[in-house]
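Values quoted throughout were computed directly from the atomic coordinates according to the rules given, and no laboratory measurement underlies them. Everything numeric in this text was worked out from a predicted model, so none of it was measured. Heads up, the Cβs are rebuilt from the backbone with ideal geometry, glycines too, and the neighbour counts pull from every protein chain shown.
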Amino acid sequence: MASPDGTSPTLQAANKAFARLDIDGHDLPPSPAPSSPQAGRRRYALATELVYTETKDQYGASSIPIYQSATFKQTSSSGGNEYDYTRSGNPTRTHLERHLAKIMNATRALAVGSGMGALDVITRLLKPGDEVITGDDLYGGTNRLLTYLKNNQGVVVHHVDTTNIDRVREVLTDKTTMVLLETPTNPLIKIVDIPTIAGVTHDANPKALVIVDNTMLSPMLSNPLDLGADVVYESGTKYLSGHHDIMAGVIACNDPELGDKMYFTINATGCGLSPNDSFLLMRGVKTLAIRMEKQQANAQRIAEFLESHGFRVRYPGLKSHPQYDLHWSMARGAGAVLSFETGDVSLSERIVEAARLWGISVSFGCVNSLISMPCRMSHASIDAKTRKERQMPEDIIRLCVGIEDADDLIDDLSRALVQAGAVTLTIDGFHATDAEGNGSTPTSA
Ligand SMILES: *Cc1c(COP(=O)(O)O)cnc(C)c1O
């Protein structure tokens, strides 16, 4: 149905969400929507921008009010006010989206109900016969959604080792419509070269979209849009919110047409983030910088502790990481997720169960520290055969480091390692034990 002024419903809907941007502070109803001094442009350092917001709230509220309302009254019978129905747009969500656009270096950001909801919105850009290239060490839920699209929607999905550019080239053709990347991967902590892959992808098909899942780093540590990606998305459930008290997903891009298409899906399917969760995500984002700084510093100490005791540790903050330089060419930090191997699945199970401060839980990015066995938990939806093909060690333990005192975390981990029999504690320090429980050469304590 065309509107009186002849614009398509899609455009009308998009205009509604974007209506009267008011970057200069004029002509808006007393709505708190604008959060950025200038849409999508950063003026200050990121740590400042994270906490700095501007609103047009009629009472000058310093925290965005929760517009817990499904509908908004119109001033004329033909409607046309900035907001009418929360599925299409809500002031609390818009405020959050503009704030996210600013910190993600994007012209448009969209907030939805979960990280997987974000990927669902993005993959609805695909049509039957389209080809997707993606990694072989993907987040379990991403793997599940792509498998569904392959089995039910006629989308061709190529899983390759995206850390090897030759493997990507082998499957890249002018039929490639989407390249979906995660870096660092999880739990194998492999680094993917976003600028190079974006370059070869756009050479093969200028219309192909390079999509980056930036959940592991957050906008604090990396801006994939600046590295050549067309769309970036992340789970707001992780670092962005930081407290494991909401589910959320965010999408950002610079192409307005692409933004409109994805907004169309959000409005059509009703997956926009609720006002209450938009408020909570906004609150979480403000402390992203201090949380991430502390989590990273703790992760670095723990990675060094484990490595010094002879474990194979995967963490981009360690010089021993084979792609250390590549990671630091794209990111401002190493993040707070690391993994290590023990050589024995049941030993790993005992370590995980012996930890007290480290909660056994999936997910990461929270203020408290977590420990898990990905092959048993977050990645269990990938079948054992596929895990084996992708060289995922069944004994791998993932640590998601929080903001606690680093010494407490290390003490608790040491105790769990000793209790599980992974190391023996003697007068001169820790000794890593082999699978039979025999102490090996002493390592420094
Ligand atoms: C958690 C996660 C997701 C999915 O996000 P949800 O909010 O749980 O739906 C996607 N990608 C990565 C890398 C994740 O860690």
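Grab the other residues whose beta carbon is less than 14 angstrom from that of Val352, score K and R as +1, D and E as -1, and report the net. Could you put the intermediate results ahead of the total?
Numbers: positive: Arg350, Arg356, Arg376, Arg398, Arg415; negative: Glu341, Asp344, Glu349, Glu353, Glu394, Asp395, Asp412.
Surrounding charge for Val352 is -2.
Size of the dipole of the chain about the Cα centre, Lys and Arg at +1 and Asp and Glu at -1 on the beta carbon, nothing else charged, in debye to 20?
Values: 41 positive and 52 negative charges, 187 e Å.
Around 900 debye, computed over the chain.
Pairs Lys175/Lys207; Lys190/Lys319; Lys190/Lys294; Lys238/Lys294; Lys207/Lys261: which are spaced more than 18 Å apart, C-alpha to C-alpha?
Over 18 Å Cα-Cα: Lys190/Lys294.
Run through all the Cα pairs of the chain and give the fraction in each 10 Å bin from 0, expressed as whole percent.
4, 21, 29, 24, 14, 6, 2, 0, 0
Given the options Asp383, Asp174, Asp230, state which has the largest fluctuation in a GNM of the chain using a 10 Å cut-off (strictly under) for Cα springs.
Asp383
Order the peptides 126-135, 250-259 from the highest to the lowest mean number of other Cβ atoms within 10 Å of their residues.
Result, highest mean Cβ count within 10 Å first: 250-259, 126-135.
Compute, for segment 337-388, the length of the dipole vector about the Cα centre, with Cβ point charges of +1 (Lys, Arg) and -1 (Asp, Glu) only. Units Debye, rounded to 20.
Numbers: 6 positive and 5 negative charges, 22 e Å.
Once rounded to the nearest 20, the dipole reads 100 debye.
Could you work out the relative contact order of the chain? I mean the mean sequence separation of Cα pairs under 8 Å and 6+ apart, divided by the number of residues, in percent. Before the final figure, lay out the partial values.
On the way: 891 pairs, mean separation 62.5, N = 445.
Relative CO of the chain lands at 14 percent.
Using only Cα atoms, what Kirkwood radius does segment 21-285 have, in angstroms? Don't jump to the answer; show the numbers that get you there.
Values: mean 1/r = 0.0526 Å⁻¹.
For segment 21-285, inverting the mean 1/r across all distinct Cα pairs yields 19.0 Å.
In units of 2.2 N^0.38 Å, what is the alpha-carbon radius of gyration of segment 289-443? Walk me through the numbers on the way to the answer.
Working: Rg = 15.3 Å, N = 155, 2.2 N^0.38 = 15.0 Å.
Taking the Cα Rg and dividing by 2.2 N^0.38 Å, one obtains 1.02.
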